[in-house]
1. Over 17 Å from B:M507 (Cβ atoms) and among the acidic types (D, E) - does that describe any residue in region B:640-653?
2. Return the residues of region A:149-165 that are touching a Ser or Thr at 6+ places or on another chain (Cβ under 7 Å), assigned to a loop (DSSP other than H, G, I, E, B) and surrounded by 20 or more Cβ atoms within 10 Å (Cβ to Cβ); say none if nothing qualifies.
3. Among the candidates A:G486, A:G449, A:G458, A:G462, single out the residue that is modelled with pLDDT of 95 or more and closer than 17 Å to A:P577 by Cα.
4. Filter region B:302-324 for residues that are within 30 Å of B:P224 (Cα to Cα) and within 14 Å of chain A (Cβ to nearest Cβ); which is surrounded by the most Cβ atoms within 10 Å (Cβ to Cβ)?
5. Sort out which residues of region B:269-293 are more than 12 Å from every other protein chain (Cβ to nearest Cβ) and touching a Pro at 6+ places or on another chain (Cβ under 7 Å), and write them in order of number.
6. Looking only at residues in region B:325-346 that are of a type in the set (S, T, N, Q) and surrounded by fewer than 23 Cβ atoms within 10 Å (Cβ to Cβ), which one is nearest to the other protein chains (Cβ to nearest Cβ)?
7. If B:E294 satisfies every condition in (1) within 26 Å of B:Q396 (Cβ to Cβ); (2) free of Cβ contacts under 8 Å to residues at least 12 places away in the same chain but one, which is the exception?
8. Only one of B:E197, B:E168, B:E188 is surrounded by 23 or more Cβ atoms within 10 Å (Cβ to Cβ) and out of contact with any Cys (no Cβ under 6 Å at 6 or more places or on another chain). Can you tell me which?
2 protein chains.
Amino acid sequence: MKIFLTYFIELILLANSFNLAAQSPSWTEVAPGVWKTVVGNPDKLDLFNAAGIKPSLEALTKMGHSQFPLSDDKIVTNVTNGQTYLRFPLVKDEQIFGFGLNFKTVHQRGKILQLHVDHYGGTDNGRTHAPVPFYVSDRGYGVFVNSSRYLTVYAGTGVRKDSREAPEPRDRNTDKKWSSQPYSDAVEILVPTSGVEIYIFAGPSALDAVRRYNLYSGGGCLPPRWGLGFTQRVPTLFNSKQVEEEAKQFAEKGFPLDFIGLEPGWQSKSYPCTFEWDKTRYPDPPAFIKTMKEMGIRLNLWTNPYVSPESPMYTKILPFTGTHTVWGGVVADLTMPEARKIMINQIDHDQVTPGVSGYKIDESDGYDRWLWPDVAVFPSGNSAEQLRQTYGLLLQKMTTDLYHEKNTRTFGLTRSSNGGGSSFPYVIYNDYYSHEDFITALINSGFSGMLWTPEMRGSKTGEEWLRRMQTVIFSPMAMINAWSSGTKPWSFPDVEKEVKEYALLRMQLMPYLYSEFAKYHFEGTPPFRGMSLEPGFDAGAKLELRNENLNENPYAEAVLREIKDQYMTGEYLLIAPLFTGQTSRKVILPKGRWYDFYTGNYAGDGEVITVSPGLEKIPVYVKDGAIIPMMKPVLQAPDAGEKYDLEIRYYGTKPGRYMLYDDDGETYDYEKGVFSWREIKVAPDKKGKPSGTISKPEKGKPDNVGVVTWKVMTIE
Amino acid sequence: MKIFLTYFIELILLANSFNLAAQSPSWTEVAPGVWKTVVGNPDKLDLFNAAGIKPSLEALTKMGHSQFPLSDDKIVTNVTNGQTYLRFPLVKDEQIFGFGLNFKTVHQRGKILQLHVDHYGGTDNGRTHAPVPFYVSDRGYGVFVNSSRYLTVYAGTGVRKDSREAPEPRDRNTDKKWSSQPYSDAVEILVPTSGVEIYIFAGPSALDAVRRYNLYSGGGCLPPRWGLGFTQRVPTLFNSKQVEEEAKQFAEKGFPLDFIGLEPGWQSKSYPCTFEWDKTRYPDPPAFIKTMKEMGIRLNLWTNPYVSPESPMYTKILPFTGTHTVWGGVVADLTMPEARKIMINQIDHDQVTPGVSGYKIDESDGYDRWLWPDVAVFPSGNSAEQLRQTYGLLLQKMTTDLYHEKNTRTFGLTRSSNGGGSSFPYVIYNDYYSHEDFITALINSGFSGMLWTPEMRGSKTGEEWLRRMQTVIFSPMAMINAWSSGTKPWSFPDVEKEVKEYALLRMQLMPYLYSEFAKYHFEGTPPFRGMSLEPGFDAGAKLELRNENLNENPYAEAVLREIKDQYMTGEYLLIAPLFTGQTSRKVILPKGRWYDFYTGNYAGDGEVITVSPGLEKIPVYVKDGAIIPMMKPVLQAPDAGEKYDLEIRYYGTKPGRYMLYDDDGETYDYEKGVFSWREIKVAPDKKGKPSGTISKPEKGKPDNVGVVTWKVMTIE
């Protein structure tokens, strides 16, 4: 420490620029279990204000207070030469997760990342669609760096002279234990500007820390009910007749379809975009929208944000655009209300007011060689870097606000996002197509308040098509993106039956999925998440391994490895995908009894099982006492006020409880309390047979449930 | 322009930080054909002062004055929010080269690079061992950004609204000419600090611009004569007896050997390093050095710069080290004279004074996960980023200065370098091993004042071994690096004879190579360089293609493509390597008559030829009128004052002239004028037969040439 102080005296003497001695910051509890500190002079534009977060203080208050989860004297901050240095402690055996949408890795300790919004380039190096500066520790806390800059994160790699846990140097000439990466006891972060806000989120569990982060960001999004149905994106140059025909085909073939996505060809010009209908392909948009709506189909429109000189808004928006163009389109400075207003007026007038239900906002992420360079200047004075890091947030916020004003929910796609975006009804997607990595991304999405779709585009074989279908239905958006491929769900006749079965299973699960999204909104719990967020999943495993080193403990070993191929969907379902070429796989069943989703048969308890389910099944397991509310395999989500019958499935033997959520499924009236939570309980009756009850909604609250039937799945 | 001004008024009103309106800088001619400007407030530590350059003003003056080579009103600089933006114009069809040690590409226009000293990771993205912020244009000028920061370079990718050459937007829906990367008219560079120095180097040719850059950096290095001999690096745990045995084997087998490299095991501990001999493997270093010297063998020692707690200098250097360790070793702040003095004293006392001839300085480049993080703090106040960018320069300068003080030349290896390093007697190397990419790197080294060795380590086949040998002898350092492989030149018996022949050819070429290095030093001309630096190589090709678009012009087409597999060695030799698996290749012979190096036969003139030389030959071509001074195939370079006989080869029919350089080959006395240039001329005598003359050295100047014989290679 003495040496450290000596440095700073030297620094102050030697350096030209503004210096702040390294120090432990002081923390303010801004909500129960959420602390904030301000280091130096932060930028005006940060992630939380770009996202316009409105913390769910009520929900956070319900979660209750907690102790500050870190030794705050081990948190060090320092502003030197216009840059901010942050350090957060790590302890032995600690693992951390997060930093946004990574595709290859779940464990983040030992990585160096430069968080930079970009297309994903095949390496987990921080350049991704949503490089969220938030990480969560298995010790039950989260750290968020609220910066709109390109941050460099040393996630447990740097070794300091003054570290008490600094490893002994070893001689590489002769010592076989020499390691190229000696033990590091800290996460260190470089913020390339002279200040930043930091937030710490308490647990006690890692999931609690994620929940607090999501709730502080405003709660997770609650999609419209139709958003959880099936969606198909049509080839780019389709016209209105072809789209109508496509919808008819789905109906005729009995495949579910709730919304159709139109790709660039709906616009008169694209790349850059006019933001107006192409009148040759879509001669009468309002009539077309109406026709589709009568078939029960909503429309989602692709766009990118770059404004063509031929767009009606071009002249108006030009003074509020940056110095550089993208594909010849101007780049609106969406941090300026003037720019947002002009853009939103165009899409409102032309599309939203006539009835379009949402957007797919493309190309807000990268690559560098396409987007504005970091030397671009924007009229707000915010830097090109800051615009790059926040553009996805700004686009999501702008469009979400428009729909919110109309009291109509939307559910769309975004190519980029960032910290604070939990509440936006947008799902991230990309051009990458590794099925395995898509599942890893789905797992990672749950750590950082994001939604991700492992969308289907094409496949080489029926096997691949079905394997992808089996996972996309256990994701936030069940989508085929056929903009280029022209594929349909039935494109592979050898698996058409099974594909349809899973498409319909998605519809059957809607009451469950909708309730899980409600928990995302009201409680912050991500509906899709990695095993590491399952409370108690790896609790004690390290201790067990240490104490049982003479015995085999494959479970303890398995849960400590990086798990990137199985995940939770909601409270009760464990999904274990198979990928093309696989005929069997290992599944780690957490402690507690687990049952087969399809048969109700007992599957295991705190163990690693090997399963060979056949191509027609994706392994899904259900917790003991689980209650899964399902509905009929309809082709479209119920409309507002439309009754739906429930089949309530019960698994295992433990008494069970489930909170079923309901509202109109379309408006924001739930924000005014117009929703209901109904308690479903199953417990043995006097004869020891499982018996279920469902509570009534409170008076005046939504009640859309029709006939309720019960299905006891486990027969022992 | 009006819009642009409006922005800046807004910027000045809106932004918090220091602002300087965008402007054309004013230029000062600091040497003939070299202009400098200062933008904002540059860092104290930049590349030129880290390298300690001493411009060769005399040589620059000889090159003469020139017009400022760019439209200076098209150069724009701007300091905003603590960052500096630079813009330099590009014209249609212009190509640029440089930006340091790239491995895959020679043409740099259209690239985005983040210049960052690092191990090369397989992609030309700016992270490389020597990411020099210098580029040269085929329009005959060079641009250098004298910054020790991580620069982001948009080398003709950004498109500005205010560009007069901004391309028309196209509709991607229907226009097949749509491009994801529209035409860009500028190189834009982001310097992440509030100021920078810029230099412009005039031509008229691209080679002249490179020469001016090298001369301004102090002139290229002139290695000792023995540095151009053959070198072998021995396995890491070799002891003194084994090294002596190795040297004997070379002599017995008749393979040339001038210096041997010892790898980590010569040190008592490595990674981190003690910087002292290991007394078990090297019990008596002075005696060992003496024994080797008596065999004519000099020694080069590997080290990395990280100081072990067990090094004798540890306690002394500790106060002058950064906050973070590398493999447990401390990182000296080599921008501080105190740190340099302590380190240099250790190696001087322990190694240099006893007679060690040079160093291989490893691990100064990366990876991020090994080196100090950017959050590290150094006692000088220079940032971790600046130390990273300059560490290779600082290490080269420190050791070069030590040898310079002793008036003894050194020639070593460095893992990293940067702008301004032209004069250091160090060759860059790395762990990568693609033979093709090694040649591309050799070509690129010539654009940015670097030397690079396509070192040999191992090979899968004799074919590969010989193909690598055939190129490493046409490189700055003819080396086998057997630290891990234990290979010898004769490791592949099927090609032993041919390998020896090329090793000996290297020795024969020494008078030519030494003279070419002298031209590097005195005239700035890189001894190894790409075809694009050959004056007139592609002159008029664009025009030809444009005017002859109905006829085939394969030569014009070929010279405009990226050429990364043939290069020039010195004034006259064109080297066209074959790689494993190839039995034939195309060679572009520039305009003018060319001859086969081995036979003197006519090969072609301004055309693309296809050759199938067999495994035993690497195609080498010689310019018309070329004079190649060669010596006998000795096993070691001549010592100071030792006479060597010359065989002067003459090719073609044009009258020829060559300037042969001579000095003692070991000291820096050439800086005091103790050198000679001898003019060799060949012209037809009265009977029309070629006849040669060689001038005498000036009185009192070095004269080491013994018997001169002449060899007319071309018989027509």
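1. Checking region B:640-653: not a single residue is over 17 Å from B:M507 (Cβ atoms) and among the acidic types (D, E).
2. Once the filter is applied, which keeps residues that are touching a Ser or Thr at 6+ places or on another chain (Cβ under 7 Å), assigned to a loop (DSSP other than H, G, I, E, B) and surrounded by 20 or more Cβ atoms within 10 Å (Cβ to Cβ), region A:149-165 yields A:R149, A:G156, A:T157, A:G158.
3. On the way: A:G486 fails: closer than 17 Å to A:P577 by Cα; A:G449 fails: closer than 17 Å to A:P577 by Cα; A:G458 fails: closer than 17 Å to A:P577 by Cα.
Just a single option satisfies the conditions, and that option is A:G462.
4. B:V307
5. Those that are more than 12 Å from every other protein chain (Cβ to nearest Cβ) and touching a Pro at 6+ places or on another chain (Cβ under 7 Å): B:E276, B:W277, B:P285, B:P286, B:I289.
6. As a first pass, look at region B:325-346 and keep what is of a type in the set (S, T, N, Q): B:325, B:335, B:345-346.
Filter once more, keeping what is surrounded by fewer than 23 Cβ atoms within 10 Å (Cβ to Cβ): B:345-346.
Values: B:N345: 22, B:Q346: 17 Å.
Per the criteria, the residue is B:Q346.
7. (1)
8. Values: B:E197 fails: surrounded by 23 or more Cβ atoms within 10 Å (Cβ to Cβ); B:E168 fails: surrounded by 23 or more Cβ atoms within 10 Å (Cβ to Cβ).
Criteria check complete, one pass: B:E188.
The values are calculated or read from the model by the stated rules, or taken from the named source; none is laboratory data. Predicted model only: the values in this text are computed from it and were never measured. Glycine also receives a Cβ, built like all others from the backbone with ideal geometry; neighbour counts cover every protein chain displayed.
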